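Step one of this worksheet: look at the structure below.
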Amino acid sequence: TNRLILDTDGGVDDAQALLMLLANDRAPFAITTVFGNVGLDAATANILDVLAVAGSDIPVHAGADRPLVAPIVDARDIHGEDGLGGAIRPDSAAEPSGLDGVGFLVDALLEAAAIGERIDILAIGPLTNIALMLRLAPEAVEGLGTLTIMGGTLNGRGNITPAAEFNIYADPEAAAAVFRSVPSVIVPWEPCTTHLLTGEEVEAAFEGLAQADVTQFSLALAQHARRTSLSYGGADVLRFVDPLAAAVVISPEIVTTSLEASVDVALAEGVTRGMTVVDPSFRLGTPRARLVETVDETALRALYARSIAG
Ligand code: BDR
Ligand code: CA
């Protein structure tokens, strides 16, 4: 198995995804942060806090604080003002490394390439850091293993706009640059809306667990996700968004259905800006991507159960 870097914008489900990686033997050796759900500083502080809850000292490198060209958008309406739905956690005394996240990605992949290794990347925020890495050092692809991305849609119905999913919309130029230059495994929005736990299933999952810090923290994240779903007119559910992408990285065989296609991003101003265009007939000419449609639900739930058990 290749070593892993997690690239994250520090939101509620990013925290759940990180806990899932840690609990299931797929800890990243480094984490890079990016603006997105909240600003870069908050995203970085949140990730350090999650690591503190989990008792981990994985180094965190802060990356891009803004999109390549687009104006900044965030998702504090979904993730709460602090990005973690107000979940109580220790205020970590740890600091980010002081290295620039993009520079770190470049160096890590070039060093891996030099010794004949490849590094997997799981990107669960806007793709700005990945695009900047590829722009600064196109040869870094020689050190890139599997790039797994939570982002985009299969069928053009988004969440942040009618056509666009948040991670792509937050930096469409970066996403386009990534999809146009490297193959990837994509976890689009649609399967994230169907892989979920009902409120009752969340209660049952936590019932009887010892009150470890990780468990209490995970419960606060899950309850926030349920409240958010309800307040946006949805059902009382916890959807697996970034954790679905983490599950695919932990256990690639968990994927039961996927689609091979070329993928690009609509960049023009207007209603389609940030929409992913998915072409299974490969006419777009971009590198082959694999889009996850369904995963083994039982296995997914087991990965989640482990992540909340502490
Ligand atoms: C994506 O955007 C963020 O709000 C979530 O963390 C996830 O990465 C869903 O569109
Ligand atoms: Ca995210």
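The values are calculated or read from the model by the stated rules, or taken from the named source; none is laboratory data. Here the structure is a predicted model, which is why all the values come from computation and not from measurement. Cβ atoms come from the backbone with ideal geometry, glycine included; neighbour counts cover every protein chain shown.
Only one residue in 215, 161, 148, 153 is of a type in the set (Val, Ile, Thr), touching an Asp or Glu at 6+ places or on another chain (Cβ under 8 Å), farther than 30 Å from residue 116 by Cα and at pLDDT 95 or above, so which one is that? Step through it out loud before you land on a result.
Values: 215 fails: touching an Asp or Glu at 6+ places or on another chain (Cβ under 8 Å); 161 fails: touching an Asp or Glu at 6+ places or on another chain (Cβ under 8 Å); 148 fails: farther than 30 Å from residue 116 by Cα.
None of the other options fit; the residue is 153.
Out of 71, 59, report the one residue that is at pLDDT 95 or above and more than 14 Å from ligand 1 (Cβ to nearest atom). Please lay out each step first, then the result.
Details: 71 fails: at pLDDT 95 or above.
One residue alone meets the criteria, 59.
Can you tell me which residues in region 248-283 are out of contact with any Asp or Glu (no Cβ under 9 Å at 6 or more places or on another chain), crowded, with 17+ Cβ neighbours inside 10 Å and more than 21 Å from residue 158 (Cα to Cα)? First the steps, then the outcome.
The first filter runs over region 248-283 and keeps only residues out of contact with any Asp or Glu (no Cβ under 9 Å at 6 or more places or on another chain), leaving 248, 252, 260, 266, 268-273, 281, 283.
Checking which are crowded, with 17+ Cβ neighbours inside 10 Å leaves us with 248, 266, 272-273.
Residue satisfying the conditions is 248 alone.
Could you list, in sequence order, all residues of region 128-162 that are under 22 Å from residue 78 (Cα atoms), crowded, with 21+ Cβ neighbours inside 10 Å and away from ligand 1 (no atom under 11 Å from the Cβ)?
The one that is under 22 Å from residue 78 (Cα atoms), crowded, with 21+ Cβ neighbours inside 10 Å and away from ligand 1 (no atom under 11 Å from the Cβ): 128.
If you go through region 25-48 one residue at a time, how many are more than 16 Å from ligand 1 (Cβ to nearest atom) and in contact with an Asp or Glu (Cβ under 7 Å, 6 or more places away or on another chain)?
Qualifying residue count for the region: 0.
Confirm whether residue 171 is within 15 Å of ligand 1 (Cβ to nearest atom) and touching a residue at least 24 places away in the same chain (Cβ under 8 Å).
Details: within 15 Å of ligand 1 (Cβ to nearest atom): yes; touching a residue at least 24 places away in the same chain (Cβ under 8 Å): yes.
It is true that residue 171 is within 15 Å of ligand 1 (Cβ to nearest atom) and touching a residue at least 24 places away in the same chain (Cβ under 8 Å).
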